[in-house]
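Visitor: Just dropping this structure here.
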Amino acid sequence: MTYQNINEIMEELSESLDCAYAYSAFKEGKRNRFLIFYYDDSDDLYADNINYQSIVNLVIEFYAPNKEIASEKKIQDILASHEMSYDKSNVYISGEKLHETIYYTEVVINEQS
């Protein structure tokens, strides 16, 4: 997978959920429902003293004012369609009055782009 593929998956998620998305954070303004994604860190494979294979830990966060089971199912279906396994957690952010669903996945990067 390439970084461009990940951007395309985020676009697909955004269209499916009818909400905005951004890398890491939005520059300004409060949003009702939105997606954030970022690369948390990496777990590269090493061989012969070099980084043999780039593996990034991708985090996708979905925020909504109410718990949206149907939206979570759409996210999970899209991730599955791209053969992306994930761990999932949920939290309510009382100060923002938003439900946050977080998906943690690893992505093998086949090229730097």
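Visitor: Taking into account only those residues within the stretch 34-75 that are of a type in the set (D, E, K, R) and part of a loop (DSSP other than H, G, I, E, B), which is surrounded by the most Cβ atoms within 10 Å (Cβ to Cβ)? Explain how you work it out, then say what you get.
Guide: Initially, the stretch 34-75 is screened for residues of a type in the set (D, E, K, R), giving 40-41, 43-44, 48, 61, 67-68, 72-74.
Restricting the remaining residues to those that are part of a loop (DSSP other than H, G, I, E, B) gives 43-44, 48, 67-68.
Values: D43: 10, D44: 14, D48: 5, K67: 11, E68: 17.
Only one residue tops the list, namely E68.
Visitor: Still on this structure: Determine which member of the set K97, K67 is touching a Pro at 6+ places or on another chain (Cβ under 7 Å) and either on the phi < 0 side of the Ramachandran plot or of a type outside the set (S, T, N, Q) (or both).
Guide: On the way: K67 fails: touching a Pro at 6+ places or on another chain (Cβ under 7 Å).
Checking each option against the conditions leaves just K97.
Visitor: Right, next: Applying the selection to the stretch 100-113, what residues are more than 22 Å from Y46 (Cβ to Cβ) and either modelled with pLDDT under 90 or surrounded by 19 or more Cβ atoms within 10 Å (Cβ to Cβ) (or both)?
Guide: T101, Y103
Visitor: Among the candidates L79, L45, which residue alone is at pLDDT below 95, among the hydrophobic types (A, V, I, L, M, F, W, C) and in contact with a Phe, Trp or Tyr (Cβ under 6 Å, 6 or more places away or on another chain)? Let's see the steps before the verdict.
Guide: Values: L79 fails: at pLDDT below 95.
Of L79, L45, the one residue that is at pLDDT below 95, among the hydrophobic types (A, V, I, L, M, F, W, C) and in contact with a Phe, Trp or Tyr (Cβ under 6 Å, 6 or more places away or on another chain) is L45.
Visitor: For a quick check of your reading of the model, give me the residue pairs whose first member lies in the stretch 4-19 and is closer than 22 Å to I109 by Cα, whose second is exposed (fewer than 14 other Cβ atoms within 10 Å of the Cβ), with beta-carbon atoms closer than 8 Å and at least 6 apart or on different chains.
Guide: Taking only residues 6 or more apart or on different chains, the pairs are Q4/S113.
Visitor: May I ask you to list the residues in the stretch 76-99 that are out of contact with any His (no Cβ under 8 Å at 6 or more places or on another chain), surrounded by 11 or more Cβ atoms within 10 Å (Cβ to Cβ) and not in a helix (DSSP H, G or I)?
Guide: H82, M84, Y86, K88, E96, L98, H99
The values are calculated or read from the model by the stated rules, or taken from the named source; none is laboratory data. The shown structure was predicted, so the numbers you read here are calculated from the model rather than taken from an experiment. Here Cβ is always computed from backbone atoms with ideal geometry, including for glycine, and neighbour counts include all displayed protein chains.
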